[in-house]
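To start, the structure itself, in structure tokens.
Derivation of every value follows stated rules applied to the coordinates shown; laboratory data play no part. The structure presented is a predicted model; accordingly, all values stated were derived computationally and were not measured. Note that each Cβ is placed from the backbone with ideal geometry, even for glycine, and that neighbours are counted across all protein chains shown.
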Amino acid sequence: MTDNARTNFIGGQWVGDPDGDVRMQRSPIDGSEIGPVTWSSRGAAQRAIDAAQIAQARWRKVSTWDRARAMQRIGAAIAANREDLARLLTLEQGKPFAEAYFEVGKSVDGFNLAADLVKYLEGSTIPTEDPTKRVMTFYQPRGVYAVVTPWNFPVNIPVEYIAPGLAAGNTIVWTPAPSTALIAAALVRVISEADIPPGILNLVTGAGAVVGDEIVSNAGTNGVGFTGSAATGKVIAQRAAGKPQLMELGGNGPVVILPDADLERAVTATASGCFANAGQVCSSSERILVHRAVYDEFAARMAEKARAVVLGDPRKDGTTMGPLNNASVAEKVGQHVNDALERGAKAITGGKRPDNALSPLYFEPTILTGVSREAIINTEETFGPVAPLLVFDTDEEAFDMARDNRYGLVSSVFTQDIDRAFRYVEEMPTGIVNINDTSNYWELHIPFGGLSGKDSGMGRVGGKHALMAMCDLKTATFTVR
């Protein structure tokens with residue numbers, strides 16, 4: 001390996017990997033070279049775990065208030081570098097600068113939230129049958145956490161694990177998605193300058209099947225945090241068997257439009273859910289069930305929203321949607337759209353990659369009508385700027401269509417009937433149901449995760465819920481004599 005890539009941060013030092021490789025990162029915007037990335041070996045991951053173990057023995061004994069102050073320093077450091085981080089995020093991930101700037105800002109909020117909440121991570125005292133006994137519970141860090149994260153929100157999603165994990169007294173070994181490894185390294189560089197102890201946060205870049213597999217399966221890690229695809233989540237669950245696992249996996253709606261919905265509100269919110277981040281959001285509006293009474297009008301209004309999207313270079317003012325992040329997702333989006341068309345759907349706008357784009361990764365904002373329930377786009381997560389519209393006639397039919405899916409993350413329902421809205425809240429097979437709002441609505445302190453029995457993960461990220469999940473609850477008993 002050459003010495004021009006040091007994207008691993010291990011034990012407080014930027015290092016390469018003599019047993020690894022170096023690959024040049026290219027921007028999805030136009031294919032231009034951005035910079036070199038270390039593709040590490042398992043040995044590098046093992047060294048990071050060793051460093052995290054050494055650091056954790058000290059970090060767990062740091063007072064809660066001092067750990068909270070460290071999280072605040074990190075938040076301030078990210079805020080001071082917000083614009084530079086956002087520009088790199090746009091260049092490497094492909095989202096418009098405004099979206100990137102917002103995402104980096106949320107990561108600041110994430111560290112500040114962890115700093116606030118960890119000071120109130122309280123245990124309890126438990127009454128006992130034996131009058132001489134006293135029982136109390138309190139939280140302790142689990143140890144070293146393996147964190148594996150995706151490329152769609154490569155700054156904020158890692159913070160959903162790193163901030164509560166560090167605040168609780170754990171140390172972290174983080175493997176980001178390779179296609180956004182440079183923004184990961186830039187984020188860690190900023191964090192490392194916030195006067196934190198060496199070894200509490202370690203970064204190892206490279207292939208998930210190599211370094212990601214090593215950190216989740218290695219006996220030196222005590223817990224796993226993962227956001228990504230359901231297929232990868234199942235592999236990680238097996239490789240990390242016996243360890244606590246906090247996983248946020250895929251989603252596929254649905255969004256339900258009832259006949260009494262405020263259509264302007266429903267269209268605006270749903271279009272936002274379809275086209276934000278080019279549809280590359282686990283909670284995006286990828287499956288839209290529309291009552292027959294309003295189907296045609298809803299479809300026409302959605303087409304207007306899609307045509308108003310400005311697809312292009314996300315670095316330029318006025319661009320509202322950039323490219324997809326990588327060739328694999330672009331290929332999948334095309335396959336899903338073509339399958340729907342072959343099964344009888346119609347693209348009333350979009351439906352293909354645009355001509356004369358800066359790279360092959362751009363895909364037109366697309367509205368599909370007449371989508372079959374058998375279409376792949378209805379059964380699988382597409383992760384692209386596509387709104388597939390399916391028709392239904394009764395609530396029971398909508399419930400049946402909603403349940404006929406292996407995902408169970410987020411859904412939305414649009415209606416002006418409060419009783420009907422809460423019937424949908426009860427019946428929808430998802431961990432979150434948003435009423436009269438985009439499926440992408442979420443705030444950092446709100447529990448976020450999938451329904452049991454579905455392929456959308458386990459546990460809840462968000463606020464105190466992530467903190468509690470990344471701790472052991474210890475019980476102490478003693479006798480009063």
Next on the checklist: Quick check on packing: order 475-481, 29-35, 52-58, 119-125 by the mean number of other C-beta atoms within 10 Å, highest mean leading.
Outcome noted: 52-58, 29-35, 119-125, 475-481
Next on the checklist: Under the rule of at least 5 residues apart or a separate chain, name every residue whose amide H is placed under 5 Å from the amide H of residue 288.
Outcome noted: 255, 390
Checklist outcome for this item: Straight-line reach check, residue 454, cutoff 16 Å on alpha carbons, 8 or more apart in-chain or any other chain, hits among lysines -> 234
Checklist outcome for this item: By Cβ neighbour count within 10 Å, fewest first, 262, 130 rank 130, 262
Checklist entry - What are the ³J(HN,Hα) values, in whole Hz, obtained from phi via the Karplus relation 6.51 cos²θ - 1.76 cosθ + 1.60 with θ = phi - 60°, for each residue of the stretch 52-67 in sequence order, with x given for Gly and Pro? => result 5, 5, 4, 5, 5, 4, 8, 5, 5, 8, 5, 5, 4, 5, 5, 5
Checklist entry - Check residue 11: other-chain or 5+ apart residues with amide H under 5 Å from its amide H, H built from backbone geometry? => result 199
Checklist entry - What residues have an amide H closer than 5 Å to that of residue 472, excluding those fewer than 5 places away on the same chain, when H is modeled at 1.01 Å from N in the peptide plane? => result 140, 142
Checklist outcome for this item: Magnitude of the Cβ-charge dipole (Lys and Arg +1, Asp and Glu -1) of the chain about the Cα centre, nearest 20 debye, reported as 1640
Checklist entry - How many lysine pairs does the stretch 255-444 hold where the Cα atoms are under 22 Å apart and the two sit 8 or more places apart or on different chains? => result 5
Checklist entry - What list of ³J(HN,Hα) values in whole Hz, one per residue of the stretch 87-101 in order, does the Karplus curve 6.51 cos²θ - 1.76 cosθ + 1.60 (θ = phi - 60°) give from phi, with Gly and Pro shown as x? => result 5, 5, 4, 4, 4, 8, 8, x, 7, x, 4, 4, 5, 5, 5
Next on the checklist: Give me log10 I(q)/I(0) at q = 0.10 Å⁻¹ for the stretch 255-444, Debye formula, one equal scatterer per alpha-carbon, no solvent.
Outcome noted: -0.36
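Work out the FRET efficiency for residue 372 and residue 58 from their Cβ-Cβ distance, taking R0 = 51 Å, and round it to the nearest 0.05. Spell out each step's value before the answer.
Working: r = 58 Å, r/R0 = 1.15.
That pair, residue 372 with residue 58, gives E of 0.30.
What does the helix-only formula give at 222 nm for the chain: each DSSP H stretch with n ≥ 4 adding -39500 (n - 2.57), the total divided by the residues, and the result rounded to the nearest 500 deg cm²/dmol? Provide the component values of the computation, followed by the final result.
Numbers: 15 runs with 181 residues, N = 481.
Calculated from helices alone, the mean residue ellipticity at 222 nm is -11500 deg cm²/dmol.
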Item to check | residue 435/residue 474 FRET efficiency (R0 35 Å; Cβ-Cβ; nearest 0.05) | outcome: 0.35
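When only DSSP loop residues count, what trypsin sites (Lys or Arg not before Pro) in the stretch 275-310 have their Cβ near at most 10 other Cβ atoms within 10 Å?
Loop-located and lightly packed - none at all.
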Checklist outcome for this item: Out of 170, 442, 270 - ranked by how far each Cα lies towards the positive end of the dipole of the chain, with unit charges on the beta-carbon of charged residues - the top one is 170
Checklist entry - Listed highest first by mean packing, meaning other Cβ atoms within 10 Å per residue, what order do 174-181, 365-372 come in? => result 174-181, 365-372
Next on the checklist: Residue by residue through the stretch 359-368, what is 3J(HN,Hα) from phi via Karplus (6.51 cos²θ - 1.76 cosθ + 1.60, θ = phi - 60°)? Round to whole Hz and write x for glycine and proline.
Outcome noted: 8, x, 8, 7, 9, 5, x, 10, 10, 10
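Indicate the gyration tensor shape class of the stretch 407-454 (rounded, prolate or oblate), computed on the Cα atoms with a ≥ b ≥ c the square roots of the eigenvalues: a/c under 1.5 is rounded; otherwise a/b larger than b/c is prolate and the rest oblate.
On the way: a/c = 2.27, a/b = 1.31, b/c = 1.74.
It is oblate, given that a/c is not under 1.5 and a/b is not larger than b/c.
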Checklist entry - If one computes the Cα centroid of the stretch 181-248 and of the stretch 272-326, what distance in Å separates the two points? => result 31
Checklist outcome for this item: Dividing the mean separation of Cα pairs under 8 Å (6+ apart) by the residue count of the chain yields a relative contact order in percent of 18
Checklist entry - What shape does the chain have by the C-alpha gyration tensor, where a ≥ b ≥ c are the square roots of the eigenvalues, rounded means a/c under 1.5, and otherwise prolate means a/b greater than b/c and oblate the rest? => result oblate
Checklist entry - Using alpha-carbon positions, what is the distance between the centroids of the stretch 386-438 and the stretch 74-113, in Å? => result 33
Checklist entry - By count of other Cβ within 10 Å, fewest leading, how are 160, 426 ordered? => result 426, 160
